[in-house]
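Below is one structure, written out as structure tokens; comments come after it.
The values are calculated or read from the model by the stated rules, or taken from the named source; none is laboratory data. It should be emphasised that the depicted structure is a prediction, and the values quoted were computed from it without experimental measurement. Cβ placement follows ideal geometry from the backbone for every residue including glycine, while neighbour counts extend to all protein chains displayed. Protein only, heavy atoms only, side chains kept; ligands, DNA and RNA dropped before computing areas. Shrake-Rupley method; radii C 1.70, N 1.55, O 1.52, S 1.80 Å.
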Amino acid sequence: MEVSRICCIGAGYVGGPTMAIIAKHCPTVKVTVVDISQSQIDKWNSNNLPIYEPGLEEVVFECRGKNLFFSTDVDNVIRDSEIIFVSVNTPTKKFGIGAGKAADLKYWDIVARNIAKVANGPKVVVEKSTLPVRTAQSMAKVLHANDRKIHFEILSNPEFLAEGTAIHDLTYPDRILIGGNPTESGQKAVGQLEWIYRHWVDDKKILRTNLWSSELSKLVANAFLAQRISSINSISAVCERTGADVDEVARAVGMDSRIGPKFLKSSVGFGGSCFQKDILNLVYLCESLGLPEVAAYWEQVIIMNDYQKRRFSRQIVKCLFNTVSGKKITLLGFAFKKDTGDTRESASIYIAKQLLEERARISIFDPQVDPGQIDQDFLEYSILPTELKSGERVDQLVTKETDVYAACENSHAICIMTEWDMFRTLDFPRIFSRMEKPAFIFDGRNILKHDELRKIGFNVFAIGKASASDTLF
Ligand SMILES: NC(=O)C1=CN([C@@H]2O[C@H](COP(=O)(O)OP(=O)(O)OC[C@H]3O[C@@H](n4cnc5c(N)ncnc54)[C@H](O)[C@@H]3O)[C@@H](O)[C@H]2O)C=CC1
Ligand SMILES: O=C(O)[C@H]1O[C@H](OP(=O)(O)OP(=O)(O)OC[C@H]2O[C@@H](n3ccc(=O)[nH]c3=O)[C@H](O)[C@@H]2O)[C@H](O)[C@@H](O)[C@@H]1O
């Protein structure tokens, strides 16, 4: 069952860290990560890795050049590998049939066609990306449409890591899920993949299923996780009107061992590249299968998340006396969660957009997000108002600061958008003294000490805390 050469196509948030951990634990296996993006590969080969992930540098620097390699020579690496992981992006389709819901499989399709074209012997192709159920069937057709009778075995091995804790999650996974064909060659391929994971993962945590269960389980896991957040966020709205405290409710509910305490932290709304896209993918699947009630059930998780974000920005406008036009509002945090520089689908993006529509001036600080990335997001998500008033300039509407105190200077309101630890220990008296009065804080993550802030003089609004409305109304 031993394997000596593997590769991963797609050197992103999943491909890079996952392969680095495999290389660390399987020193006899040559691991190569390939990508079509030269700049991405150059960064993986430099001292400035393309993604920020605690503990990642140590693992990459330990293995790179020994048994971990990064390259753009996709074709030769495919030929040289026994197992090919594919971890390219699978975003939501933006056009055509299923637009706005279905997964766009264009990148996967290109990769599968290329493997079929250049492979010179049998290969195991592993679905690492999150894919719609029965993708393996379509990919098998693409791969086997080669006239050289080369056999490809397809496995589903979804990834469950979360950004910000990727190295920990990969090192101590809750489970490794491997879906394969029940045939002899299918089970042999499953055995090869198991051999890799057994280097550091306990046998009991390796779960074998059929291909379709594995593909579906990944969508369902993300749907369940996001559902918990939307559930507690829906309750946060009830708390604000009743005097209940959402953190206390989450604690009380989560102490029931059948429910559990994790993923019950109320917030300004979940972000990240996957929850929304994977749920929409599930919704599309249900609609395609003629199950509208099931589709509507899961779609509600997204509707509730959009509601939570809108509720937050409306609250800001309302508290600032129904006008934020020309007022400076500081967004602390632009990443979709702490300990990552990833901004995909971040709640900050939506709040910025909604506030800019009200003609607020926005100041943004994030300890990890590159200002260039913020500019890119503004373009991609069409955040700026389509028409500027005469005399208005974009650089007057939006400023990106590298110093947190400068970001708060002369601000009317501060919004905690990402739960970065550094925001807990800011010098709030200093910030207060340099803000416009009355000074407001909107804690979208419930990480600050609200009573202390009120003593300083701030008006505080916190998600799911009735005391906010007591103070404000
Ligand atoms: N980001 C996350 O935390 C997780 C993501 N996933 C899933 O893993 C998959 C990948 O996600 P990310 O790593 O976040 O995406 P990403 O966007 O960070 O990386 C994808 C990479 O694939 C490369 N690529 C695209 N087409 C290619 C081709 N034809 N040949 C070679 N390289 C190509 C891109 O240049 C990019 O660097 C998605 O399906 C996602 O749903 C699963 C678990 C966690
Ligand atoms: O498929 C994926 O991409 C991954 O999606 C999530 O991982 P990730 O999006 O990186 O991060 P999470 O920790 O799940 O956070 C997602 C969002 O939910 C928010 N969140 C999380 C937990 C919580 O209690 N409350 C809450 O608002 C976070 O702030 C963040 O915006 C899942 O946790 C991973 O298991 C999965 O592999």
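Could you check region 152-270 for helices (runs of 4 or more DSSP H) lying wholly inside it with 1 or more residues that are without any contact (Cβ under 8 Å) to a residue 60 or more places away in the chain, within 16 Å of ligand 1 (Cβ to nearest atom) and open to solvent by 10 Å² or more (accessible area, probe 1.4 Å)?
On the way: elements: 166-171, 184-197, 211-242, 246-254.
So the answer is 166-171, 211-242.
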Exercise. Inside region 78-90, can you point out the residues that are within 13 Å of ligand 1 (Cβ to nearest atom) and not in a helix (DSSP H, G or I)?
Worked result: Ile84, Phe85, Val86, Ser87, Val88, Asn89, Thr90
Seminar exercise, completed: Residues in region 399-448 that are among the basic types (Lys, Arg), away from ligand 2 (no atom under 16 Å from the Cβ) and buried (at least 19 other Cβ atoms within 10 Å of the Cβ) total 1
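Table: residues versus (1) open to solvent by less than 60 Å² (accessible area, probe 1.4 Å); (2) closer than 21 Å to His144 by Cβ; (3) aliphatic (A, V, I, L, M); (4) within 15 Å of ligand 1 (Cβ to nearest atom).
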{"position": "Phe61", "(1), (2), (3), (4)": "no, no, no, no"}
{"position": "Asp73", "(1), (2), (3), (4)": "no, no, no, yes"}
{"position": "Asn76", "(1), (2), (3), (4)": "no, no, no, yes"}
{"position": "Thr92", "(1), (2), (3), (4)": "yes, no, no, yes"}
{"position": "Phe95", "(1), (2), (3), (4)": "no, no, no, no"}
{"position": "Ala102", "(1), (2), (3), (4)": "yes, no, yes, yes"}
{"position": "Trp108", "(1), (2), (3), (4)": "yes, yes, no, yes"}
{"position": "Val111", "(1), (2), (3), (4)": "yes, yes, yes, yes"}
For this session: Kindly indicate whether Glu58 is modelled with pLDDT of 95 or more, part of a helix (DSSP H, G or I), of a type in the set (D, E, K, R) and in the same structural domain as Ile21 (by TED's automatic domain parsing).
Result: yes
For this session: Filter region 1-36 down to the residues that are out of contact with any helix residue (DSSP H, G or I) (no Cβ under 9 Å at 6 or more places or on another chain) and assigned to a loop (DSSP other than H, G, I, E, B), then identify the one that is surrounded by the most Cβ atoms within 10 Å (Cβ to Cβ).
Result: Ser4
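Of these, Thr323, Thr330, which one is closer than 23 Å to Pro371 by Cβ and outside any helix (DSSP H, G or I)? Write out each step before concluding.
Numbers: Thr323 fails: closer than 23 Å to Pro371 by Cβ.
On inspection, the qualifying residue turns out to be Thr330.
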